[in-house]
1. Any chance the stretch 233-255 includes a residue that's assigned to a helix (DSSP H, G or I), modelled with pLDDT of 80 or more, exposed (fewer than 14 other Cβ atoms within 10 Å of the Cβ) and small (Gly, Ala, Ser)?
2. Consider only pairs whose beta carbons are under 6 Å apart and that are at least six residues apart or on different chains; among these, list those whose first residue lies in the stretch 210-221 and is closer than 17 Å to Asp253 by Cα and whose second residue is polar (S, T, N, Q) and not in a loop (DSSP other than H, G, I, E, B).
3. If a residue must be farther than 23 Å from Arg183 by Cβ and among the small types (Gly, Ala, Ser), how many such residues does the stretch 207-260 contain?
4. Determine which single condition Gln123 fails, assuming it passes every other condition in (1) in a loop (DSSP other than H, G, I, E, B); (2) surrounded by fewer than 19 Cβ atoms within 10 Å (Cβ to Cβ); (3) over 18 Å from the mean Cα position of the chain (by Cα).
5. Output the number of residues of the stretch 55-88 satisfying the condition of being part of a helix (DSSP H, G or I) and within 27 Å of Leu108 (Cα to Cα).
6. Keeping to the stretch 166-190, report how many residues are under 25 Å from Pro215 (Cα atoms) and among the small types (Gly, Ala, Ser).
7. Select from the stretch 35-56 the residues that are surrounded by fewer than 13 Cβ atoms within 10 Å (Cβ to Cβ), touching a helix residue (DSSP H, G or I) at 6+ places or on another chain (Cβ under 9 Å) and farther than 22 Å from Ser135 by Cα and list them in ascending order.
8. Pick from the stretch 57-88 the residues that are over 17 Å from the mean Cα position of the chain (by Cα) and under 26 Å from Asp196 (Cβ atoms): which of them is surrounded by the most Cβ atoms within 10 Å (Cβ to Cβ)?
Amino acid sequence: MAKKLPSFNLPAADALFTTQEQRDDDKREKVLDIPLGEIDDFADHPFRVKMDESMQAMVDSIKTICVQTPAVVRLKDDGRYELVSGHRRKRACKLAGLETMPCIVRELTYDEAVITMVDANLQREVILPSEKARSYKMKMEAMKRQGQRTDLTSTPLAGMLKGKETAEIVGESTGESKDQVRRYVRLTELNPLMLDMVDDGRIAMRPAVELSYLPQEEQQILLDVIDSEDRTPSHVQATKLRKLSNDGELDYDSIMSIIKEETPPRAEHFKLSKEKIQQFFPAGTPAPAIEETIIKALEQWHKNQ
């Protein structure tokens, strides 16, 4: 009987011909100059890239000192790159006449890329309600999928999800309550034109959430009434509209009747000078973002008293 030879675990070829320092260096993230034509925007990117004063300032900065913070991309199956964070930088590079942009290529699953993309963009100074709504929803859905697939769920994420709702975790990272996160996510159920009104400050947050429960066909009728009457519903009116909808009694005539109602005057209200307030915000900051910032500042001031 032949004698069984002992087995040996041979090192890999790279371990034989490279140093540990070289192998460690290969694992480090590197900044590469990637052609803009090979970088695709992130699918369903929820944040707008606007041509405003801030964008022009970024273009001027890039022309002077180039891009200081690399974008983050991930490699796609077709060999192209998907932009995870840096959409405004990519636009600014194009406007500045550059052909490449410095990027970090990171190995990310789709869900990891969603979470990274949302977290990076939520650091912006100005975020529209519609942007919060879509990004919160995308992040929550990605976290839920990660929680369901234990083979992809990292230990830190598993610990975060244990005993907590995704809305609560998203709120902790953004300074919002879990209920406020849910309210923003509800806005994704609004007709796009109505969501634009929320961004513009024509419809406040509370009535917008109530209106999000109306079926799309009823929202379209409401939009027609808003257009003809040039009036948007208050919170009280929106609550009435939702109740009639739940009862199956909402139609054009009932919507018109409610919208035409005279809302009772408030006992007391305050007016703040637009010029005095806007000096503390970047040009073009929408009214809802200004209001939300002021409320948060007052809440913090109240806690400190």
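1. The answer is no, given that none of the residues of the stretch 233-255 is assigned to a helix (DSSP H, G or I), modelled with pLDDT of 80 or more, exposed (fewer than 14 other Cβ atoms within 10 Å of the Cβ) and small (Gly, Ala, Ser).
2. As it stands, the answer is Leu214/Ser245; Glu218/Ser245, since those pairs meet every condition given.
3. 4
4. (3)
5. Residues that pass the stated criteria total 2.
6. 1
7. Result: Gln56, single match.
8. Here the residue is Met58.
The values are calculated or read from the model by the stated rules, or taken from the named source; none is laboratory data. This is a predicted model, so every value here is computed, not measured. Cβ sites come from the backbone with ideal geometry, for glycine too, and all protein chains shown count toward neighbours.
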